[in-house]
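Below you'll find the structure, written out as structure tokens, and then a few comments.
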């Protein structure tokens, strides 16, 4: 779907993903903001050198943890012209108190937020909002119990207060995934249009 609009699509197999053994998958635990981020940036350095890629017009999109990474990217680099965040973790502390999967946050941050608050704060995108400049589309759903809707609201509020060009797409009848056919059409249309608006050649001479 992205390629159909003329985009080159790059998916970096960063620390935490599968395919390189359990140790590589587990490496993301307690390292949300460094290993995967470094891998993504290095991977894009390689992609940017390809002759058919315009490295001056790059965007980033992610969902769930990928959404977390989009918020993290917003606070740590300006190399992207546009961002898309779907059901991402914005405030690791509030996420720990609202997710239905408590094992998840305990494993990823070395214990509960009450016992290991410093690590939650270290990797929280909330703490780097002051650096946000990149236009961002935020998508979140009412029935998402993995990453609560409030994470999206907090991020959108932060973006608007920082003067960032931001848009919020809300689904009252979806969860962590957008599954209903008509909603999926809205999702793809909104996401692809947002990317086109900010990556089109005429927008960035």
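How much length is gained on full extension from residue 79 to residue 142, taking 0.36 nm per residue of separation minus their Cα-Cα distance?
Between residue 79 and residue 142, full extension yields an extra 19.5 nm.
Could you check the simple spin-label distance between residue 13 and residue 25, using points 7 Å along Cα→Cβ, in nm with one decimal?
Calculated label separation equals 1.4 nm.
With r as the distance between the Cβ atoms of residue 167 and residue 101 and R0 = 22 Å, compute the FRET efficiency 1/(1 + (r/R0)^6) and round to 0.05.
Taking R0 as 22 Å, the efficiency between residue 101 and residue 167 is 0.20.
Given the rule -39500 (n - 2.57) for each run of at least 4 DSSP H residues, summed and divided by the residues of the chain, what is its mean residue ellipticity at 222 nm, to the nearest 500 deg cm²/dmol?
So the helix-based figure for the chain works out to -12000 deg cm²/dmol.
Calculate the length of the line joining the C-alpha centroid of the range 121-175 to that of the range 19-43, in whole Å.
Going from one Cα centre to the other spans 23 Å.
What percentage of all Cα-Cα pairs in the range 91-165 are separated by more than 14 Å?
When every Cα pair of the range 91-165 is considered, 62 percent fall beyond 14 Å.
Cα axis of helix 181-199 to longest principal axis of the chain: angle in degrees, 0 to 90, nearest 10?
Taking the Cα atoms of the chain, the angle to 181-199 is about 60 degrees.
May I ask you to compute the full-extension gain from residue 180 to residue 127, defined as 0.36 nm times their residue separation minus their alpha-carbon distance, rounded to one decimal in nm?
Gain on stretching residue 180 to residue 127: 15.6 nm.
Which of the following values of Cα extents along the principal axes in Å was calculated from the structure shown: [x] 45, 41, 31; [y] 76, 48, 27; [z] 51, 37, 33?
The value computed from this structure is option [z].
Quick note: the coordinates plus some simple rules give every number you see, no bench work behind them. Bear in mind the structure is a predicted one, so any value in this text is a computation, not a measurement. Glycine also receives a Cβ, built like all others from the backbone with ideal geometry; neighbour counts cover every protein chain displayed.
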